[in-house]
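Notes follow the structure.
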Amino acid sequence: MRRATAALARPRDSRSRLAWLNQASTMIGTTLDLERTAQELADFTVPRLADGAAVDLLESVLRGGGGERWTGPEPPVTRAVAVSSVVEMEDLEPDEPGELSVHPQTLLSVHCLRAQEPVLLSRMRRDDYVRVAPTPSAALKLRQAGVHSYMAVPLTARGVLLGVADFVRGPGSPSFARADVELATELASKAAVFIDNARLYGREREHVLSLQRSLLPRATPNTPGLEVLTHYTPSLDPSGVGGDWFDVIALPGGRTALVVGDVMGHGVPAAATMGRLRTVGRTLLALDTAPDRVLARLDLAARDLEDDQVATCLCAVYDPATASCTIAGAGHMPPLLVDADGTVSRVEVPAGAPLGAGVIPYDAATVRVPAGSRLVLYTDGLVKTRRGDIEVQLRQLAKTAPELVDRLLEHRNPDGIAPGGVERLDESVLLVAAGGKLPPGTDLCVWPLPPDGTAASVARSLVTERLALWGLEELSDIAELVVSELVGNALRYGGGPGQLRVMRHERLTLEVSDTGPDLPQIQHAELSDEGGRGLQLVNMLSRNWGSCRTPGGKVVWAEQDIPRTVS
């Protein structure tokens, strides 16, 4: 019954053939997925045109490249992409979709590719089956199924050879005629355009994705008292690739900056904007540890971009001395705090306008992140789906957050970590900062300093005693000189020193805070000048030094290498 129905449904006259080809435009190419488009082509032709159909694409095409004519001795490398058949021919043995199809040169489909012209066998003879089937076993199956007619047409679009589609007919169906070849060729031309669109779109997506991955940090720094894990999940929809980013930045005194952001828009412009905002953000955080001020300056930078794009952003600075995080947001999803017992709470960050909107200032909130707790930062792609209210999705995320965090901490890079699953609309970024104790070999001490002339001697004594306790006496002479100059700079230009911070981590860091607003710079001192050489001395004696604004003023810091022989 099905065979008769299929025969009656096949387009016979010019009008029905034209209607059938027009219908192909709505049935093929419904998505920009290359494999799905090829499958739609195969399914559309069965049983209206053939009893069985297969589509093979060039391996180079599947990798985003274009095809070409083959003149060498080796046959072209193709990969089976789609197969379709009527029930009576389900036992045939075509190449399975996904398998490489390396065929002998005598195969008719190879000739079709080489010559880029159709092939027709109206009535197959016994020795024709081995020229049609990929293997002797498959040739036997064709004979046993009663396949009697074969044709193959190349898939070419915009002068690019993409692959080949071949068709067979069996018992109850008439043999292919020249009119069928012409019809199949027209159909292949239409379908090839859709396949080529998918190829070009996939290539663009890979380029954007590669660009975006290259703009994201390749590794996170070793931060004391904080374990930071990140996970980026590309969008399932090619159009979802865009401007989600994250950053983890080591700041002076063991502090850590955590940033997540999302440029509104997709494609190369969004990825490029993301890269520029991330670069500006890193520069600003190196000069200022106040997240609200960083976002305000980042908003000014976003307004200067020519693309007129806006972005949401969340900026946090963690201080291991207080085990707390200062957070400011610019129109971004609120972070979550997962306590050691699994209790989840939403961190209430003061609302702020997206970057580039021109609505400032921003306000910050402080949250404790003690040992065992985890701070969860993310972009909206983690919760935004095709269906469902965003608030409902946020509540669902809060319920699943402990499991989600544990999976990330356990597997580091698990697949399918986004809870939205196949319903996700956008790419997503997940950043988990787990608070903990300082690791062995890392120590952090903070002392208040008197605001008068005795501060330098007090600082030298504190540093000398602490280095002796750590077994770093050989660093004491230089450390005393450096901390004296830092305190002297605070007394002279900063209204007096506030705190002395000494940290032993990968290096020895000395830091002095004050309430002065101006960041110090090395000045050129004349031979007759009595002062002005303090920072020059710090620069010569230290591996690195710098200054950074804080909510209460600024800090000036200097680093020394710890000799490897010292344990």
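Hey, among the residues in segment 452-477 that are surrounded by 16 or more Cβ atoms within 10 Å (Cβ to Cβ) and out of contact with any helix residue (DSSP H, G or I) (no Cβ under 7 Å at 6 or more places or on another chain), which one's nearest to residue 564 (Cα to Cα)?
The residue in question is 472.
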Looking at segment 326-358 only, could you name the residues that are of a type outside the set (A, V, I, L, M) and assigned to a strand (DSSP E or B)?
326, 329, 345, 346
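Here's the yes/no breakdown for (1) in contact (Cβ under 8 Å) with a residue 12 or more places away in the chain; (2) in a strand (DSSP E or B); (3) in contact with an Asp or Glu (Cβ under 9 Å, 6 or more places away or on another chain):
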position: 480; (1), (2), (3): yes, no, no
position: 486; (1), (2), (3): yes, no, yes
position: 495; (1), (2), (3): yes, no, yes
position: 498; (1), (2), (3): yes, yes, yes
position: 509; (1), (2), (3): yes, yes, yes
Counting just the residues of segment 344-373 that are charged (D, E, K, R) and touching a residue at least 40 places away in the same chain (Cβ under 8 Å), which one comes out nearest to residue 274 (Cα to Cα)?
363
Selection over segment 194-219 where residues are surrounded by fewer than 18 Cβ atoms within 10 Å (Cβ to Cβ) and over 30 Å from residue 261 (Cα atoms) yields a count of 1
For residue 253: the one exception among (1) more than 16 Å from the chain's Cα centre (by Cα); (2) open to solvent by 10 Å² or more (accessible area, probe 1.4 Å); (3) within 21 Å of residue 284 (Cα to Cα)
(2)
Considering segment 341-359 alone, what residues qualify as being of a type in the set (D, E, K, R) and touching a strand residue (DSSP E or B) at 6+ places or on another chain (Cβ under 7 Å)?
346, 348
Just a yes or no: is a residue in segment 533-552 among the hydroxyl-bearing types (Ser, Thr, Tyr), part of a strand (DSSP E or B), in contact with a Phe, Trp or Tyr (Cβ under 8 Å, 6 or more places away or on another chain) and touching a residue at least 12 places away in the same chain (Cβ under 8 Å)?
yes
Find the residue count for segment 478-507, including only residues that are crowded, with 22+ Cβ neighbours inside 10 Å, hydrophobic (A, V, I, L, M, F, W, C) and under 20 Å from residue 457 (Cβ atoms).
8
Collect the residues in segment 359-380 that are more than 21 Å from residue 551 (Cβ to Cβ), of a type in the set (A, V, I, L, M, F, W, C) and assigned to a loop (DSSP other than H, G, I, E, B), keeping them in residue-number order.
359, 371
Residues of segment 305-345 being under 21 Å from residue 442 (Cβ atoms), surrounded by fewer than 19 Cβ atoms within 10 Å (Cβ to Cβ) and not small (Gly, Ala, Ser), in sequence order, are 322
Does at least one position in segment 155-169 carry a residue that is open to solvent by 30 Å² or more (accessible area, probe 1.4 Å) and over 48 Å from the mean Cα position of the chain (by Cα)?
no
On the given criteria, is residue 180 touching a strand residue (DSSP E or B) at 6+ places or on another chain (Cβ under 6 Å) and not hydrophobic (A, V, I, L, M, F, W, C)?
no
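Scan the helices (runs of 4 or more DSSP H) fully inside segment 90-202 and keep the ones with 2 or more residues being of a type in the set (Val, Ile, Thr). Please lay out each step first, then the result.
Values: elements: 108-115, 129-132, 136-144.
Here the list reads 129-132.
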When you go through 273, 279 one by one, which is the residue that is free of Cβ contacts under 8 Å to residues at least 12 places away in the same chain and part of a helix (DSSP H, G or I)?
279
Top-ranked residue of segment 82-116 - restricted to ones that are hydroxyl-bearing (Ser, Thr, Tyr) and open to solvent by 30 Å² or more (accessible area, probe 1.4 Å), ranked as modelled with the highest pLDDT:
85
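The values are calculated or read from the model by the stated rules, or taken from the named source; none is laboratory data. Note that the structure is predicted; figures quoted are calculated from it, not measured. Here Cβ is always computed from backbone atoms with ideal geometry, including for glycine, and neighbour counts include all displayed protein chains. These area figures cover heavy atoms from the full protein model, side chains too; ligands, DNA and RNA do not enter into them. Shrake-Rupley method; radii C 1.70, N 1.55, O 1.52, S 1.80 Å.
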